Each structure stands twice: as structure tokens, then as C-alpha cells.
1. So, of the residues in segment 169-190 that are assigned to a loop (DSSP other than H, G, I, E, B) and in contact with a strand residue (DSSP E or B) (Cβ under 6 Å, 6 or more places away or on another chain), which turns out to be modelled with the lowest pLDDT?
2. Condition (residue is assigned to a loop (DSSP other than H, G, I, E, B), farther than 27 Å from Q246 by Cα and under 19 Å from the mean Cα position of the chain (by Cα)) applied to segment 123-134: is it met by at least one residue?
3. Among the residues of segment 111-122, which ones are surrounded by 14 or more Cβ atoms within 10 Å (Cβ to Cβ), without any contact (Cβ under 8 Å) to a residue 40 or more places away in the chain and either assigned to a loop (DSSP other than H, G, I, E, B) or of a type in the set (F, W, Y) (or both)?
4. From L153, L157, L132, L165, which residue is farther than 21 Å from L208 by Cα, surrounded by 13 or more Cβ atoms within 10 Å (Cβ to Cβ), in contact (Cβ under 8 Å) with a residue 40 or more places away in the chain and among the aliphatic types (A, V, I, L, M)?
5. Scan segment 85-110 residue by residue and report those that are in a loop (DSSP other than H, G, I, E, B) and either surrounded by 19 or more Cβ atoms within 10 Å (Cβ to Cβ) or modelled with pLDDT of 95 or more (or both).
6. Is there a residue being part of a helix (DSSP H, G or I), over 18 Å from W337 (Cβ atoms), of a type in the set (D, E) and assigned by TED's automatic domain parsing to the domain that holds G54 anywhere in segment 137-147?
7. Being of a type outside the set (V, I, T) and buried (at least 19 other Cβ atoms within 10 Å of the Cβ) is the filter here; which residues of segment 6-22 pass it?
Amino acid sequence: MSKKKCLGCGVFLQSVAPERPGYLPPGKEGAEFCQRCYRLRHYGIFKAGPDDRGTIEQAIGLALAQSDLILLVADLFDPEGSLPVTWLNLLKLPVLLVVNKADLLPERTSWNEMTLWFQKLWNRRFPQLDLLGVRVLSARGKSSDAEKRINDLKQELAGKKVTVLGAANVGKTSLLTALLTAEDGKKAALPTVSRFPGTTLGYTSWILRAYGLTLYDTPGFLPGARMGDLLSPETAARLLPVKKLQVKLWNLPPDGAVLGGGLVGFWNRSPADRTLVFFTGEQITLHRSRGQKAEALHEEGPDWLRLYNRNQRPAPFVEENFTVEAGEDLYVSGFGWVAVKKETARLRLLVPSGVEVGTRPSLVGRRDG
């Protein structure tokens, strides 16, 4: 095995076992990227890496042992899924929370509104841990404001050794790429960035010499309670919004339903019509129905509705019922959420077992908490 690491996924390069991470074909030993990362970067071909939690925790532990603080990256699209409470044992250094993908917000929603919202979320999920602060940004943003936020973060971290930590596919490596690109403009030796979870397998270190800053990129966990964690990497990638959130406002009658991607069903169990706003990724088909027809469509999962291949249907589905106040969301981790805007709504939810669901103050628009 070589002592050289792949610049894309962070594992040691080797030319012995094609089925193992870090493989380089014979004659390519001088390459900077393993075969897996090369195919992903140039052809979009993804090969899932081993889901070895012990190995991932070991890599994270090695990075933390060399660091001053944790840069914890949260996904604006899936706040709860990207802050799993099971991570409490990893958060042993001071934490600065970076909320990524702010460019997904509707234009009328200020990014600055997210700072207090995520601070309150942190207090609910980690009440025993203080937070250095919340920084809201877009690692892939091209506006002057987005670039300023990246540069401000770099200045704030100057002189420190920082572990970049987060769930798979929240944008850890995209954030690192933005910082490195802002430093020297080079793209050839940047980490591999993709919409597939599990791209980074080891940890890699990067130095911004002008700022005396060392960054450690670490593998992303699959927390297990997000919708995408139950699906294939390709299907999980289709759950994620690419440029903007899909937003649908509907006035649902009693027994009216909205079905999403063959994965989720929302029913209005209120005694009268309710105004509901649905937020999901653009590739998810949302369909209105009602009564027995909605039940049949959810059970059948026709091709035009399903986001996944028929043989990949998650099972079993569970039913939960919620009373959602005006100014609150009912969220489905990794899938999106529905916002209740005017009157308290009683909602029935069908969702694959194991996916985290719950209510919270509205992320976008009116909120009371």
C-alpha cells in the first residue's frame, strides 16, 4: 500500500485489490485520485464505499486529536437530519455551526433569519453543549454576498486547526472546496465533490498558509434516520434539491392528501380545508388526491409517482398523526416538510419506518418559536 492518499476521498492509494477503496490500476501509481474518484469526477459513475462506522469514527477521531475546534456543517434542507443527537460523543471540542445551502431559500427569505432559528434548534437538540456561533452560507454560491461569507469564515478560522464534520451529503467537501478555491484558485487538487453520500472515506488535511489555517475533511456518517439513508445512493441523490426548493401551496379539503415520490403521504384530518405549503427537492413528484384513491395510489406506487425502482420500495410504512399549529412545520428528515400557515391542522402521515419526523417552528415564513 502506498503512503500517498487520494486527494478526492482521503484513503491510501493501492494497486493490489480492485474491490478495495483507493485502487489505482497498474501503471497509474503516480495519479492523485483513485479510480473510484476519477470515474466520479469525470464520468459521474459512483461506486458506494464500505459503510464501516468504526472506520469512520476512527478517521474522525484522528482528525479531532489534531484540532482546536469543530466546524460542524448542517444542511439547510434537512436541519434535524444533519444534527443527529447520537453525535453527542463526537462533539468534544468547541463547535462552530455552519449552515450550508442557504441559496436554496426563497429569494424573499433573508439568510440572516436562519442564524437565530438554527441556534434554537441547537439548544433543543444539544441543550448541554454551548455553541461558538452560527454561520449561514452557500458553499457553491456565486454572489458577492456568498463569497464574502466564505472569506469572513476564513478570517474567523485563521491560525486554527479545524475538523470539518458533518453527515453525508451536507456539503462538507463543497465548503472545503470553496475555502481552498478562494485561497489559490486551483481546482485540479481539490476534494471530490458529488451528490452521492459516502464520497469521502478517510480524512484529508489541507493548509491555507496565508491564514495559518489547517482544515481536516472527514467522512460523512449516514445517521440512519434520514429518508435517503434507507435508499440506494442514486435514489438518495435524487431526493436533494439542486438549485431551489420545490414549493407547492395547496388548500386541502378534509380527507385530501398529497403524495410524494411514492415515499410519503400527507392527509388532512382537520374538520375543514387547510392551507398547507410543501417544500421538497425538485425531482420529487408531488400529487394531490383524496379518499380511497389516495390510499390506493400510495399503496401501488405507480411509475409516474415513484422516485425509486419498484424493487427498492422501503418497508414497512408506519402511520403517525400530528396536530400542527399555525407557524409550525411537520418535517420528514431527508425528504422535506409541510408548513401550516393559517389554522391548526390535524395531519396524518405515512412514512417508511425509521425516518425521523416531528414538528418545529417554521423554517420559512411565519414562525412563533
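1. G171
2. Yes, there is a match, as at least one residue in segment 123-134 is assigned to a loop (DSSP other than H, G, I, E, B), farther than 27 Å from Q246 by Cα and under 19 Å from the mean Cα position of the chain (by Cα).
3. Matches in segment 111-122: W111, W122.
4. Details: L153 fails: farther than 21 Å from L208 by Cα; L157 fails: farther than 21 Å from L208 by Cα; L165 fails: farther than 21 Å from L208 by Cα.
Going through L153, L157, L132, L165 in turn, just one is farther than 21 Å from L208 by Cα, surrounded by 13 or more Cβ atoms within 10 Å (Cβ to Cβ), in contact (Cβ under 8 Å) with a residue 40 or more places away in the chain and among the aliphatic types (A, V, I, L, M): L132.
5. Selection gives L93, P94, K101, L105.
6. Yes, that holds for at least one residue.
7. If the condition is that a residue be of a type outside the set (V, I, T) and buried (at least 19 other Cβ atoms within 10 Å of the Cβ), then C6, L7, G8, C9, G10, L13, P21, G22 are the ones that fit.
Okay, residues lined up against (1) assigned by TED's automatic domain parsing to the domain that holds T344; (2) buried (at least 23 other Cβ atoms within 10 Å of the Cβ); (3) over 20 Å from W304 (Cα atoms):
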residue: L208; (1), (2), (3): no, no, yes
residue: L215; (1), (2), (3): no, yes, yes
residue: G228; (1), (2), (3): no, yes, no
residue: K243; (1), (2), (3): yes, no, yes
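The values are calculated or read from the model by the stated rules, or taken from the named source; none is laboratory data. Just so you know, these numbers come straight off a predicted model, no measurement behind them. Neighbour counts are summed over all protein chains in view; Cβ atoms, including those assigned to glycine, are modelled from backbone coordinates with ideal geometry.
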